[in-house]
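Novice: First the structure, then my questions, so here it is.
The values are calculated or read from the model by the stated rules, or taken from the named source; none is laboratory data. Not measured: the values here are computed from a predicted model. Counting neighbours? That spans all protein chains shown, and the Cβs are built from the backbone with ideal geometry, glycine included.
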Amino acid sequence: MIAASALLAALVVPAPVLAQDHTEEDAARVADMLRDPVLQQSVAQGMAAASEALLDVPLAPLARAVAEAAGDDPRDINPNLTLRHVSPDAETVPSEIHDKLPRAMDAVAGMAGGVSAMIPALREMAARMQDAVDQAGIR
């Protein structure tokens, strides 16, 4: 779920936004955006569709290369090999993503809200640290 949350943040929050100096309002906007049920459903449907497609990616070429490197006969590999064939339990992944991603987005929104509340304290701490460094004559 942590990996899904990180992926979600990468997909929903553009990299230039992450590189900027943020304010409490920025964090609150991100939190509001992540809590939007329309966005949550859209992202959940897109990620579920993408994971469904990944289940059918042909694995035979890679499996043949691995077999050959291991000294096995690559012709023994099923030419129709996919992740769906290798791991039948993976069949539930798209529906789990669709069901759980909105909750994960709510959790990330809560973290963004927490960051928003911490920004003034973090700025104050940074200023005190800078003052201490300046007073100590550290460069």
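Novice: I'd like the full set of residues that are of a type in the set (Gly, Ala, Ser) and modelled with pLDDT of 90 or more, limited to the range 85-106.
Specialist: SER95, ALA104
Rundown of residues vs (1) more than 30 Å from VAL38 (Cα to Cα); (2) touching a Phe, Trp or Tyr at 6+ places or on another chain (Cβ under 8 Å); (3) in contact (Cβ under 8 Å) with a residue 40 or more places away in the chain, yes/no style:
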site	(1), (2), (3)
LEU83	yes, no, no
VAL86	yes, no, no
ASP89	no, no, no
ILE97	no, no, yes
GLY113	no, no, yes
MET125	yes, no, no
ARG128	yes, no, no
VAL133	yes, no, no
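Novice: Only one of (1) surrounded by 12 or more Cβ atoms within 10 Å (Cβ to Cβ); (2) more than 30 Å from ALA28 (Cβ to Cβ) fails for ALA104. Which number is that?
Specialist: All conditions pass for ALA104, except number (2).
Residues checked against (1) within 22 Å of GLY110 (Cα to Cα); (2) modelled with pLDDT under 90; (3) exposed (fewer than 11 other Cβ atoms within 10 Å of the Cβ):
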position: PRO16; (1), (2), (3): yes, yes, yes
position: ALA19; (1), (2), (3): yes, yes, yes
position: ALA28; (1), (2), (3): yes, yes, no
position: MET33; (1), (2), (3): yes, yes, no
position: GLN40; (1), (2), (3): yes, no, no
position: ALA49; (1), (2), (3): no, no, no
position: ALA53; (1), (2), (3): no, no, yes
position: ARG64; (1), (2), (3): no, no, no
